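The values are calculated or read from the model by the stated rules, or taken from the named source; none is laboratory data. Predicted model only: the values in this text are computed from it and were never measured. Each accessible area value is taken on the protein alone, full model and side chains, heavy atoms only, with ligands, DNA and RNA left out. Shrake-Rupley method; radii C 1.70, N 1.55, O 1.52, S 1.80 Å.
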Amino acid sequence: MPEERCYLCDAMVKRNDEVVRLHGLMMHRRCYEEDIRKGR
């Protein structure tokens, strides 16, 4: 797995992290859900 970073928090995404892929971007599920709650 290539090293990839979360689009929202810029931390490394590890193999066992839950991720969301959206429009070619990858982000941690927790970051994505927090972003949705903020209403972006």
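Quick rundown of the values:
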| quantity | calculated |
| --- | --- |
| Accessible carbon and sulfur surface of the chain relative to its total accessible area, %, 1.4 Å | 46 percent |
| For the chain, accessible area per residue (1.4 Å probe, heavy atoms of protein chains only), Å² | 86 Å² |
| 0 to 90° range, to nearest 10: angle between helix 29-38 axis and the chain longest Cα axis | 20 degrees |
| Stokes-Einstein D for the chain, Kirkwood Rh over Cα pairs, 10 °C, 1.306 mPa s (µm²/s) | 155 µm²/s |
| Residue-span extension gain [Asn16 to Glu34] - 0.36 nm each, minus C-alpha spacing | 4.6 nm |
